[in-house]
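A.B. asks: Okay, here's the structure, questions in a sec.
None of the figures in this text is laboratory data; all of them are computed from the coordinates on show. Worth saying up front: this structure is predicted, and the values here are computed from it rather than measured. Every residue, glycine as well, gets a Cβ built from its backbone with ideal geometry; the counts of neighbours run over all protein chains shown.
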Amino acid sequence: MSSSTAIPREGRSHESIRKTLGELAAQDADWRGHRVFSLVYQHTDAHDVFLKEVHSRFMSTNGLNPMAFQSLKKMEADVVAMSADLFNGPPGAVGTLTSGGTESILLAVLAYREHARRHRPWVLRPEILVPSSAHPAFYKAGHLFGVRITRVPLGSDFRADVAATRRRIGFSTVALVGSAPCYPYGVVDPISELAELASKRGLGMHVDACLGGYLLPFIERLAPEERLKPVPPWDFRVPGVTSISADVHKYGYAAKGASTILYRGIDWLKHQFTVETDWCGGIYASPTLAGTRPGGPIAAAWAALNALGQSGYEANARDLMALARKLVAGVNEVPGLTVIGEPCTPVLAIGSAPGGPAINAVGDRLESAGWNVDRVQNPAGLHLILNPGHASVADFFLADLAAAAREVRDHPELAAEGSAPLYGMIAKLPLRGVVRHNVLALLQEMYGPDAAGSSAPATSVDLDGAVPVMVRQALRVWHRVRSRLTALP
């Protein structure tokens, strides 16, 4: 590995390391100032301090051997039992803790593949149908485990299309998927209808509640006027649901990484286990994908659920939905902007109404004002995941949003500047293979042999580097021409 970075011959002082860490942290997005609307889920500063204490106490323990660390097995069992109760699981509901939502989804796909191998051995390549809004972790799972993941278009309400799903079910289909809610739009898929369809066809039904699992039950308890809209049935109350993934480190406010994968019964769960009896090192058994399982996140997940309690989570849901109602109303008051779909959660996507300002140019203006906003596509939009701290900056955000929309309306040529034309057109052009190739090249650069010595701060995937130079230039010219034509009387 050709890098200028090596382990120092003599250990550095703790103080010098702290100084370097501070300099590195200064490059990160300002999530403590609540200028970020994704990636971080924080309840309160006091809760963070408590979790650090718990996490540190079990930092060196390892859940790989539950006989050696029975404390971790007890805490994991408690988290699973509390989660099953929260999700209205039947008496036989079972599950495990995982390192995050991706691992939970990977395990669900693995379990459905192995279940099919046992009960439908004539299916050579199992298929799972997912709505197009489903998390990319399903495609990662399909790639790793040789399962075909088939994308089904959404309905006009941005939820899974049950009729389209019914038409796509084939000989090799082994399971269906719905989200509660989906990440892009914060809407809950029609789980009852999908699960009924799955049950009639003898298929598994997985609910990806990684984002909403520890929030939706408490939104449901609120008075109608405190919600954006009713939450449709989504958990084990729906008879055909066979598994649920839910992240404790999201709206459960545990430390990263802690998620759960729950099944209606052991006949599903057993298919995610690995057992090797012929290794010369002894018998090896693993309930999840990981071998070593850090004790800190397990303990912190247990501590978070116990510390906040149902009353704490319900109060949090009430505050978040009040904030969501304020943001939805504020967005809809901005001429030319709208909330995409009808979310029932504090997860929103802001889009342009017909004739409204170019939403990605609005996003560029917000970023220049210091906000960190993610983008969604098909349709284009700005993505917000709300947390309690955002209440303190909501008025400032809405004011900057209105100013950004007004500036783009008054200067439509801004749609040709910055990242706006790339975000705005990348999903509409037949360049998927080219973009994928260049994104892979960017990842190779970020994680290649010279990455450690690079002084450039790591960022999310940069679309400017993902699209060939000539295409970027053509996009900008096209936007400038369109803006001038639009301005003609």
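A.B. asks: With θ taken as phi - 60° and the coefficients 6.51, -1.76 and 1.60, list the Karplus ³J(HN,Hα) couplings across region 178-184 in order, rounded to whole Hz; mark glycine and proline as x.
C.D. replies: 3J(HN,Hα) across region 178-184, in whole Hz: x, 10, 9, x, 6, 5, x.
A.B. asks: Please rank 286, 156, 179, fewest neighbouring Cβ atoms within 10 Å first, as an exposure proxy.
C.D. replies: Least to most surrounded, the residues fall as 156, 286, 179.
A.B. asks: Taking the beta-carbon count within 10 Å as an exposure proxy, list 340, 350 from fewest neighbours to most.
C.D. replies: 340, 350
A.B. asks: Using the Karplus curve 6.51 cos²θ - 1.76 cosθ + 1.60 with θ = phi - 60°, work out ³J(HN,Hα) for each residue of region 305-314 in order, rounded to whole Hz, and write x for Gly and Pro.
C.D. replies: 4, 6, 6, 7, x, 4, 5, x, 5, 5
A.B. asks: Let me make sure I get this right: for region 54-306, a, b and c are the square roots of the gyration tensor eigenvalues over alpha carbons, sorted descending. Under 1.5 in a/c it's rounded, otherwise prolate if a/b > b/c, else oblate. Which is it?
C.D. replies: On the way: a/c = 2.02, a/b = 1.19, b/c = 1.69.
Here region 54-306 falls in the oblate category.
A.B. asks: Would you mind ranking 94, 393, 362, 109 by Cβ crowding within 10 Å, fewest neighbours first?
C.D. replies: By the 10 Å Cβ count, ascending, the order reads 393, 94, 109, 362.
A.B. asks: Under a point-charge model restricted to the Cβ atoms of Lys and Arg (+1) and Asp and Glu (-1), what is the dipole moment magnitude of region 54-306 relative to its Cα centre, in debye to the nearest 20?
C.D. replies: Magnitude of the dipole: close to 540 debye.
A.B. asks: Whole-Hz ³J(HN,Hα) for each residue in region 162-171, computed from phi via Karplus 6.51 cos²θ - 1.76 cosθ + 1.60 with θ = phi - 60°, x for glycine and proline: what do you get?
C.D. replies: Result, ordered by residue: 5, 5, 5, 5, 4, 5, 7, 5, x, 4 Hz.
A.B. asks: Next up: Of all beta bridges DSSP finds with both residues in region 198-286, what is the antiparallel percent, to the nearest 5?
C.D. replies: Expressed as a percentage, antiparallel bridges in region 198-286 total about 75.
A.B. asks: Given contacts defined as C-alpha pairs under 8 Å and at least six residues apart, what's the relative contact order of region 242-346, whole-number percent?
C.D. replies: Worked out over region 242-346, it gives 21 percent.
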